[in-house]
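What follows is a short report on a single structure.
No lab work stands behind these numbers, since they all come straight from the coordinates. Note that the structure is predicted; figures quoted are calculated from it, not measured. Heads up, the Cβs are rebuilt from the backbone with ideal geometry, glycines too, and the neighbour counts pull from every protein chain shown.
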Amino acid sequence: MNSMKNCSGYDLWMAYNRLSGERLAMAEDLCREIHVYGEGPVMANVAAELERGFSGLTGEKVKTVRLINSQRNDSTRSRPSIIAGTKHSLGEMIQGTGPESDGSVNGKPEAFTLIMPGNSESGHGGESDALWVIGEDEPALIYGVFELLRRITTGHLPEPGSTYSGSPAFNWRMLNHWDNFDGTIERGYAGKSLWKWHELPDRVDNRYTDYARACASVGLNGSVLNNVNDAQTVLQSGNLRKVKAIAQVLAGWGIRTFLSVNFASPMIIGGLDTADPLDPEVRQWWMEKCDEIYALIPDFGGFLVKADSEGQPGPFSYNRNHAQGANMLARALAPHGGVLIWRAFVYGHGEADRAKTAYSTFSALDGEFDDNCVIQIKNGAIDFQPREPVHPLFSHLHSTNSFMEFQITQEYLGQGNHIVYLAPMWKEILDFDFASGLSNPESPSSVVSRLTNERNGRITGIAAVSNIGDEETWCGSHFHPLNWYAYGRLAWNPGLSSEAIAEEWAVQTFGSDEKVIDVCMRMLLPSWETCINYMTPLGLHHIMKEGHHYGPDPGFDGGEREDWRSTYYHRADRKGLGFDRSPTGTKATEQYPEPCSSLFGSMDTCPEKYLLWFHHVPWDRKLSSGRTLMDEIEERYKTGVSGVEGMISHWDEVSERIDPQRARAVREKLEIQLADAREWMEVCVPYFRSFK
């Protein structure tokens with residue numbers, strides 16, 4: 001039995017369980033005396049995290065020494081084991097003969113450097129036996145401290161005398177919360193909202209600090225607090241004072257606060273009779289509202305907007321385009337350094353193929369958006385399906401800032417019940433190369449290269465819809481926090497492998513028992529493909545139950561909109577199955593550049609994982625396995641069910657090595673997942689066979 005006591009999951013990957021063996025000895029040596037240079041809320045949090053981390057890892061109470069600046073008095077002449085500070089707070093200690101002079105310090109914003117003990121040649125102020133954590137700025141120092149604690153916990157400290165530098169790939173690494181002001185969460189499966197609006201600003205829940213710590217630990221630096229579909233009153237002055245209370249907590253961990261806003265706010269709360277983006281009174285209202293916000297929250301990040309989509313108001317009501325609407329808001333934010341993020345999730349205007357709408361709408365406007373305006377684009381062209389081809393719009397916005405939008409909450413992937421590791425999905429999207437149609441992240445034409453290219457001062461960023469609620473485990477189960485963790489790690493460094501991220505998380509969450517870690521890896525790494533197999537194999541999509549999106553309903557043919565129906569997407573008939581988006585169908589494949597257009601456009605060359613997304617395939621067509629389409633579909637569903645059965649077997653192998661609380665809770669979730677997988681198979685296979 002693992003020595004860990006029952007664990008609620010609240011501490012996430014920051015449990016800082018006591019180490020053993022060489023890792024314990026290293027931690028004990030490092031925390032002998034810790035000096036933190038600097039003052040203010042961020043530096044106080046840095047010192048507190050070092051104390052919390054090393055106290056947990058060593059099992060002994062650890063205290064840091066706080067120093068205001070690098071001018072040390074006689075009482076601090078002892079030789080510290082760790083020195084932490086920013087380039088500014090460390091001052092003369094890293095100048096002249098120190099780390100800054102020898103090129104050890106990374107000069108990029110938010111960059112940090114770890115300099116290991118034993119680097120005697122660099123002459124770090126005479127303290128070559130100390131480990132240095134140096135931040136370019138205060139948020140950078142936070143990231144450096146969490147990197148140090150993570151590496152100690154996982155046993156991956158750099159070699160003695162070596163230097164390790166880290167800096168983020170994206171300028172903005174954000175969570176989008178779909179939290180409503182009544183405490184509910186749209187597509188949330190982990191309880192109610194973290195934000196207790198009825199208590200704010202008078203009572204600030206301690207959980208806000210723990211949330212900020214968790215985000216900072218994986219390098220996230222932006223948080224949109226509220227749902228894009230519930231933004232009607234957020235800009236009222238009383239609500240802004242509530243936002244300020246949260247923003248002050250987040251700022252102490254290097255996180256800037258954003259708000260989703262309603263395009264019609266000048267009418268809803270401002271008393272105007274129009275929200276026309278070209279109306280001078282409307283423009284003035286937004287300018288004054290931004291002045292009010294920044295007077296309260298000087299480091300406010302900006303706005304997120306959903307416009308002219310699913311009933312939300314937008315510029316179309318005034319015969320204006322998206323660029324005109326977005327630029328009005330961007331110009332109100334610009335004097336304060338704010339960012340306007342405009343979602344590209346638009347459809348419902350009479351198009352024949354919903355998948356084509358965002359590309360058709362925004363590609364024509366490339367270059368018309370202001371410099372502080374960003375278009376936020378979902379990873380695929382429909383809506384966070386278990387697997388989608390990469391959105392073609394990423395290949396076309398050459399003169400417009402664009403962010404990737406992922407979904408951590410598992411709206412279409414088993415919600416709070418299914419264990420599905422999403423890093424492999426996100427890697428498949430980020431690493432896709434438009435120049436070859438293959439996975440090649442190093443190519444300048446890859447999605448990740450396009451998104452992280454800062455040419456001409458462009459804003460780079462990535463966002464994801466949160467899976468966080470107020471449940472004890474934060475995310476609905478003991479495994480669901482992994483996707484929050486993985487998203488943050490990939491947002492910081494998209495070059496990390498899915499394997500490396502999963503192992504980091506497992507060690508920090510469950511401890512260093514090699515058998516437990518091995519089982520976690522065997523469960524997690526195939527889990528996404530397993531989910532695809534028992535839900536939507538071969539490019540099937542959007543065949544779940546209507547509204548809540550949980551469980552299978554491929555025959556659904558009702559509802560108010562055609563493109564909310566399962567039959568619209570799979571188009572099964574007596575001839576075959578799949579949505580024909582080829583040159584002989586809706587021509588959606590032509591939105592991709594060559595060679596992708598031709599690759600996807602032919603049934604003979606289209607990757608089988610996307611086959612039914614792009615083609616209406618005859619039932620008797622033989623696939624690469626030698627099986628017909630229908631037989632392959634049935635085999636995939638069976639394989640998916642078998643995959644979940646394997647996950648249960650794996651977990652049972654180590655249940656006695658896990659604390660009883662988590663062992664039992666995970667087993668219960670897996671049992672639900674298996675029952676659901678069987679339901680998908682038992683519903684979908686007979687349904688599709690009925691056409692043949």
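Obtain the nm distance between the two label points defined at Ser317 and Arg79 by a simple spin-label model: each point lies 7 Å from its Cα along the Cα-to-C-beta direction.
For the pair Ser317/Arg79, the computed spacing is 7.0 nm.
Can you return the lysines within cross-link range of Lys87? Criterion is Cα-Cα under 28 Å, with same-chain partners fewer than 8 residues away left out.
Lys63, Lys108
How much net charge surrounds Arg636 when only the other residues with a Cβ under 11 Å from the Cβ of Arg636 are counted, with Lys and Arg +1 and Asp and Glu -1?
-3
Taking R0 as 22 Å, what FRET efficiency do you get between Glu560 and Glu186 from their Cβ-Cβ distance, rounded to the nearest 0.05? Before the final figure, lay out the partial values.
Values: r = 18 Å, r/R0 = 0.83.
Taking R0 as 22 Å, the efficiency between Glu560 and Glu186 is 0.75.
How high is the relative contact order of the stretch 437-533, given as a whole-number percent (alpha carbon pairs under 8 Å, six or more residues apart)?
On the way: 50 pairs, mean separation 13.8, N = 97.
Once divided by the residue count of the stretch 437-533, the mean separation gives 14 percent.
Stretched out fully, how many nm does the piece from Arg522 to Thr274 gain, at 0.36 nm a residue minus the Cα gap? Present the calculation step by step, with values, prior to reporting the outcome.
Working: separation 248, 0.36 × 248 = 89.28 nm, distance 5.68 nm.
Contour length minus Cα-Cα distance gives 83.6 nm.
Is the stretch 403-467 best put as rounded, prolate or oblate by its Cα gyration tensor, with a ≥ b ≥ c the root eigenvalues, rounded for a/c under 1.5, and otherwise prolate when a/b is larger than b/c, oblate when not?
Oblate, because a/c is 1.5 or more while a/b does not exceed b/c.
Quick one: Karplus J couplings for the stretch 639-656, per residue in order, coefficients 6.51, -1.76, 1.60, θ = phi - 60°, nearest Hz, x for Gly and Pro?
The phi angles translate into 4, x, 4, 4, x, 5, 4, x, 4, 5, 4, 4, 4, 5, 4, 10, 4, 7 Hz.
From the list (1) 156; (2) 280; (3) 175, can you say which value of volume of the Cα convex hull per residue in Å³ was derived from the structure given?
Computed from these coordinates, volume of the Cα convex hull per residue in Å³ corresponds to label (1).
Label Gln284 and Ser20 with points 7 Å out from Cα along Cα→Cβ: what is the distance between them in nm?
7.2
Which FRET efficiency, nearest 0.05, do Lys587 and Ser436 yield, Cβ-Cβ r, R0 25 Å? Write down the numbers at each step before the final one.
Details: r = 22 Å, r/R0 = 0.88.
That pair, Lys587 with Ser436, gives E of 0.70.
If amide H atoms are built 1.01 Å from N in the plane of the peptide, which residues on other chains or at least 5 residues away come under 5 Å of the amide H of Phe434?
The answer is Ser446, Val447.
Output the pairs from Lys192/Lys242; Lys427/Lys669; Lys306/Lys545; Lys378/Lys575 with a Cα-Cα distance over 22 Å in this structure; if there are none, say none.
Details: Lys192/Lys242 18 Å; Lys427/Lys669 26 Å; Lys306/Lys545 25 Å; Lys378/Lys575 32 Å.
Flagged as over cut-off: Lys427/Lys669; Lys306/Lys545; Lys378/Lys575.
For the stretch 172-494, with equal point scatterers placed on the C-alpha atoms only and solvent neglected, what are the log10 I(q)/I(0) values from the Debye formula at q = 0.10, 0.12 1/Å, to two decimals?
-0.54, -0.80
Return the FRET efficiency for the residue pair Tyr10, Arg664: r is the Cβ-Cβ distance, R0 is 25 Å, and the value is rounded to the nearest 0.05.
0.90
Show the residues, 5+ positions off or on another chain, whose built amide H is closer than 5 Å to the amide H of Ile375.
Under 5 Å from the amide H of Ile375: Trp342, Asn401, Ser402, Phe403.
Take Val374, Val204, Val243, Val516 and order them by how many other Cβ atoms sit within 10 Å, fewest up front.
Working: Val374 28, Val204 16, Val243 24, Val516 21.
Sorted ascending by nearby Cβ count, the order is Val204, Val516, Val243, Val374.
Using alpha carbons only, how many degrees (0 to 90, rounded to 10) separate the axis of helix 41-58 from the longest principal axis of the chain?
Approximately 90 degrees, to the nearest ten.
Separation of the stretch 626-692 and the stretch 242-274 by C-alpha centroid, Å?
Going from one Cα centre to the other spans 43 Å.
Given the Cα-Cα distance of Glu39 and Glu656 and 0.36 nm per residue of separation, how much length would full extension add, in nm?
Values: separation 617, 0.36 × 617 = 222.12 nm, distance 4.64 nm.
Here the segment from Glu39 to Glu656 would lengthen by 217.5 nm.
At 0.36 nm per residue, and after removing the present C-alpha to C-alpha distance, how many nm does the segment from Glu546 to Lys692 gain when stretched out fully?
On the way: separation 146, 0.36 × 146 = 52.56 nm, distance 2.49 nm.
Result: 50.1 nm gained on full extension.
On a straight-distance basis, which aspartates and glutamates could pair with Lys61 in a cross-link, Cα separation under 15 angstrom, same-chain partners fewer than 8 positions away excluded?
Glu28, Asp29, Glu33, Glu49, Glu51
Taking a point 7 angstrom from the Cα of Ala675 along the C-beta vector, which residues in the stretch 526-560 have backbone N less than 14 Å away?
What the label zone holds, given the 14 Å backbone N cut-off, is 551.
How many angstrom lie between the C-alpha centres of the stretch 474-524 and the stretch 423-443?
Their Cα centres are 21 Å away from one another.
Among rounded, prolate and oblate, which fits the stretch 512-608 when a ≥ b ≥ c are the square roots of the eigenvalues of its C-alpha gyration tensor, a/c under 1.5 means rounded, and a/b larger than b/c means prolate? Provide the component values of the computation, followed by the final result.
On the way: a/c = 2.80, a/b = 1.41, b/c = 1.99.
Taking the square roots of the gyration eigenvalues as a ≥ b ≥ c, the stretch 512-608 is oblate.
Arrange Arg18, Arg574 by Cβ neighbour counts within 10 Å, fewest through most, would you?
With the sparsest Cβ surroundings first, the list reads Arg574, Arg18.
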